[in-house]
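Notes follow the structure.
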Amino acid sequence: MSNGRDFTRQRSIFIATVSLLSVSLIALASIYLYCSQERQLISAKKQEMETEAELIGGFLRDYLLRHDYSEARQLLKSWPDTHTEVERLQVVLDNGSIFFSFNRHGTADVMDVQRQLDYAGRSLSVRLGHRVTELKRTLSRLAWELFGLALLMSLFTGLLLWYVLFRWAIKPMEQEIRARTAALHDSEERFRRLAENAQDMIYRMSLPEGRYEYVSPACRRLTGYTPEELYARPRLVEQALHPQWRDYFEREWQALLRGEMAPSYEYQIIHRNGNPRWLHQRNALVRDAQGRPRAIEAIVTDITERKMLVDSLFRYKQIIESTQEAIFLTTPEGRIIDVNEAFCRITGYSAAELAGRVNFLESGEHPPGLLQDMRQQLQETGSWSGELWDRRRNGEAYPKWLSLSAIRNGAGETVSYAGIFTDISERKRAEQELISYRHHLEERVEERTAEMRMARDEAERANRAKSDFLSSMSHELRTPLNAILGFAQLLQLEFEEGGDPQLKQSVSEIIRAGEHLLGLISDLLELTKIETGKVSVQIEDLALHSLLQECIDLLGGQLEANQLTLDRGDVCDQPRYVRADRARLKQVVLNLLSNAIKYNHQGGWVQLYCSPMRGGRLRLVVADSGRGIALESQGKLFIPFERLGAERSTVLGAGIGLVVSKKLIELMQGEIGFQSTPGQGSTFWIELPLGQEPPTPQLPEPPPQSDCCTSGSACCCRVLYVQDDPADIRLARRILEQLGSVELVTAHTGPLGLQLAKQYPCQLILIDINLRGLDGLDLVGQLRQLPGCAQVPMVAISADGLQGDIDRTLAAGFDHFVTKPIDLPWFKQLIAELLPKASVLDPQEAG
C-alpha cells in the first residue's frame, strides 16, 4: 500500500514538472515568433514607404514640369487623407530647403506662388513619415503583454503544479500523517484507558535512577498511595513493604540493576490503611541499544483474596479431614473424585482404592426402587437425604444416614455431587434399647398424664370456686356496705347543718371504716382479675399534669390531716403526655401518694416530680420523709399480703396495693421501682412511654335544667325502683327526697315492676340486677318493648363491679351502671342529670 502511494506521488511530480517546462517553452517560442514577424513587417513598411515616396515624387515633378500647380497642390493635399498610415510628408529641394511639409499632429503647409517660384526647375525628393514609432510602441506593448501572458501562464502552471503536488503528493502525505497520528493517538488513548481502568497496577520505572515514568491509578486501591505521591517519592512503596519482605526486595533490586530479573514474584505490603496486602508482580525488562537495562515495566495484581481463599481451602481441608462424618465428592455419573479420612475409616477402603470407583450401595437390604427415587429427587430438587444400609470392605453391613447435594454450574447443569454420611450403628443399638423401654414408659406416661389431668381439673374447679367465691363475697359484702355507707353519708349531710359533734365524728369513723373495707374488697378483686388475665387496659395519649392535679385534689384532706407538706414542683403546670390507661394510671398514682402519706410522720414532706429518660420514656417520682423500709424487707415489697411488719401498727392496709400497681404498670408497658433508706424515707418511681398531646374532645352541650327537682310545687317526676332489699329502697327514698318533688314507685319483683311501668308512666327506672325470679337483665329487655319506656333512662344497680358484668349489663339495654356501695354525691348528680330529660307529669297523674 505504501509503495503504490510513493509511485503515484513520484509520477505526479514528474508530470507536473514536464508540464511546467513545456508551457514555459511554448510561451518563449510564441514571443520569439511574434517579434520576428513584427521585424519583417517593419522592413516591408519601410520598403513600401520608399516606393510610395518615389511614386509621389514622380507625380509631383511631372506636375511641376508641366506647371500644373493646381494638380500638384491637390496631390499634396489629398495624399495624407487617402493614406492614413502616413504621419508626415515633406518635399525637400536639392538645396535643402523644405518645399512642402505636412504633419498630422500639426498644420499642412500647402505650397504657394512663392514656393512655386523657388522651385525654378530644381530637383526634389519626397520624405514620408509612417507611424513607425507608434508601431514600435505597439510592438513593445504587445511584447510586454505577451511577457505578462507568459508570466500568467507560468503562474497558472505553478498553481496547477502546486495543486497537482498538493492533490497527489502533499495532501495524501498530510492525510497519511494525520491518519497515522490519529491512529497513534487512538492507540495511545485505548492503552491509556486500559491502564487507567485496569484493576491491576501498571507502572514503568527508569533504571538505574529508580524513578517512576508512569503509574496507573490502580496503585491507590492496591497501596493506598496516589500516582502523584509515587512520582514525588519513588521509594514509598519499598517503605510500605512488610518487614519480612524488605531484604528479599533489596536483593531483587540489586539483581535488576545487573540486568537479572525474575519474570514474576509475590510479596506482602502494608496498605496505607494499615491492612496487609498480598501482591503478585509480572516484570518486563527494557534494554537500550547497548543491551543495558533502561527501564522496568510491571503489572501488579492484588492477590489478597486469592491468598485468603487458599488459606480458607486449607483450613476447610483440615476441617473435612478432622471431622467424624464421612465426606465425599463424585462425578455426575457417580464415580468418586475425593474422600476424607473418615470415609476410609468407616468403609475400610483406602483413598487409592476409592478413586474412580462407582459409589453404589452394595448391602442389598435397601428397597428395590431406592436408587431410582434417589436419582429422580436429585434431578428435581438437587438434594436427597435418608437412612440406608451399606457394606464395609470386610463385607459387614452397617446403617448410615446419607445426605447428597447436587453441585451445578451457572447454566444449571450438574457437574458433581457432594455427599456426607454418618455411621449410625451406635444410634441403632441405642434405639433398640429405647424400644425395649418404650412400652414401660408409655404406661408411666399414661399414668402420669391421668394424674396431671386430674390435677388440672382440680385446679380448674378450684379456680372456678375461687372466682365464684370472690364474686359472691363481692356481692354479699358490697350489699350491706351500700346501706352502711349510704345511710352514713346521709347522716353526715344532716350533721353538716348542725348536730352533736360526737355523733358527727362517729359517722365519719363509720364512713372511713366502710371505705377502707370497700378498698380492700376492690384491691382483692383487682388482684384476682390480674392473676387470671381478665384485666385489659386501653392505652392512649393522656395529659399527665391534669391527672396528677386530680390525684392531689382527692388526697388534699389526708395531707392536711397529717400536717404534711407537698412539694409538687411544676408537675401540674408543665404539660406532659404519656401513653397509658387513664383509670389504671390514676389508681397507681393514688396508691403511691396514699402510701407516702400513710407511712410518713406528722410535719414531714411528700415530693412529686418528673424527669425524662432515655428511649422516649418519662419517669414519675413520689418521695417521702417517712421511716423507710428495712434492707432485709425490701425484697418482699411486691409479695401479695406482705406488709413488712406494718400489720402491727395503726396504719390500715392489706399488702396488695403495690402488687396491683406493679402488675398494672407492667400491663401498660411501663416499669416500677423504688429506693429506700431506713430512717430517711422512700422514693418510688414509675416509667411510661412518652405520648403526644391528644386532640381536644368536643364536649356536648349540657341539657337544659328543669325546675322539676328543685321547685316546691306538686310532684312533677316519677322514678320506678325495682329492688328486693328494703334497706336499699329506704336509702333510695331518702336520696330522692333531697332532690325535691320526685315520686318514688317501688317494686320488690320483676313482674311487679313490669306491671307498674305499664300502669304509671315513669321518667327514670332504677333496677337491681340480682332480682329473684325475673332478673334485671331480662326485665330491661321487656321494659324496652313497652310503648312508653323505649326512651326512658334506665340505671342498673349491682354489687358485681367486674368489667365483664358492666359490659354485659350495658349491652342488655341499660343506660348507666351503678356499683354498690353507692357514692351518694355522684349518685345524686346522676339522678339530677337524668330526670330533666323526662317530660313533666300531668298534675292529675301526680297523685
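The values are calculated or read from the model by the stated rules, or taken from the named source; none is laboratory data. On a predicted model such as this, the values are computed, not experimentally measured, just so you know. So basically every Cβ, Gly included, is an ideal-geometry build from the backbone, and we count neighbours across all protein chains shown. Only protein heavy atoms, including side chains, enter the accessible area calculation; ligands, DNA and RNA are left aside. Shrake-Rupley method; radii C 1.70, N 1.55, O 1.52, S 1.80 Å.
With R₀ set to 45 Å, the beta-carbon distance separating R292 from L313 gives a calculated FRET efficiency near 0.50.
Taken over region 323-425, the alpha-carbon convex hull comes to 96 cubic angstrom per residue. Rounded to the nearest Hz, the phi-derived 3J(HN,Hα) couplings of region 381-397 under the Karplus curve 6.51 cos²θ - 1.76 cosθ + 1.60 (θ = phi - 60°) are 10, x, 8, 7, 8, x, 9, 7, 10, 9, 10, 7, 5, 7, x, 6, 7, where x marks glycine and proline. For the peptides 807-818, 551-562, the ranking by mean Cβ contacts within 10 Å, running from highest to lowest, is 807-818, 551-562.
Approximating the spin labels as points 7 Å out from Cα along Cα→Cβ, the I639-to-R178 distance works out to 10.5 nm. For the pair E671 and D373, a Förster radius of 56 Å applied to the C-beta separation gives a FRET efficiency near 0.45, rounded to the nearest 0.05. In this simple spin-label approximation, R190 and L152 carry label points 7 Å from Cα along the Cα→Cβ vector, and these lie 5.4 nm apart.
Among 438-448, 249-259, the peptide with the highest mean count of other Cβ atoms within 10 Å heads the list, and the full ranking is 249-259, 438-448. Measuring nothing but protein heavy atoms, the accessible surface of region 198-309 at 1.4 Å probe radius is 51 percent carbon and sulfur.
Taking label positions 7 Å along the Cα-Cβ direction at both R614 and E387, the computed distance is 5.2 nm, reported to one decimal.
Available extension along the chain between D338 and N197 is 46.7 nm, counting 0.36 nm per residue and deducting the alpha carbon span. Computed packing ranks the peptides 207-218, 627-638, 578-589 as 578-589, 207-218, 627-638, most packed first, by mean other Cβ atoms within 10 Å. Among the chymotrypsin sites (Phe, Trp or Tyr not before Pro) in region 304-405, those placed in a DSSP loop whose Cβ has at most 13 other Cβ atoms within 10 Å are F360.
What region 537-689 shows is 49 Å² of accessible area per residue, with the surface traced by a 1.4 Å probe over protein heavy atoms. For a test of the definition: using alpha carbon positions, the gyration tensor, and the 1.5 limit on a/c, classify region 735-790 as rounded, prolate or oblate. Here region 735-790 falls in the oblate category. Give K598/K662; K586/K663; K598/K828; K586/K820 a once-over and call out the pairs whose C-alpha atoms are over 24 Å from each other. In this structure, K598/K828 lie more than 24 Å apart at Cα.
At full extension, Q738 and Q759 could sit 5.0 nm farther apart than now, given 0.36 nm per residue minus the alpha carbon distance. Every pair of different Cα atoms in region 198-309 enters the Kirkwood calculation, which places the hydrodynamic radius at 14.3 Å. On full extension, the segment bounded by Q549 and F249 gains 99.7 nm, given 0.36 nm per residue less the C-alpha separation.
Once neighbouring chains are kept in place and the probe is 1.4 Å, which whole percent of the accessible area of region 323-425 is contributed by carbon and sulfur?
Of all accessible area on region 323-425, carbon and sulfur atoms account for 49 percent.
With all protein chains present, how much of the accessible area of region 537-689 (probe radius 1.4 Å) comes from carbon and sulfur, to the nearest whole percent?
48 percent
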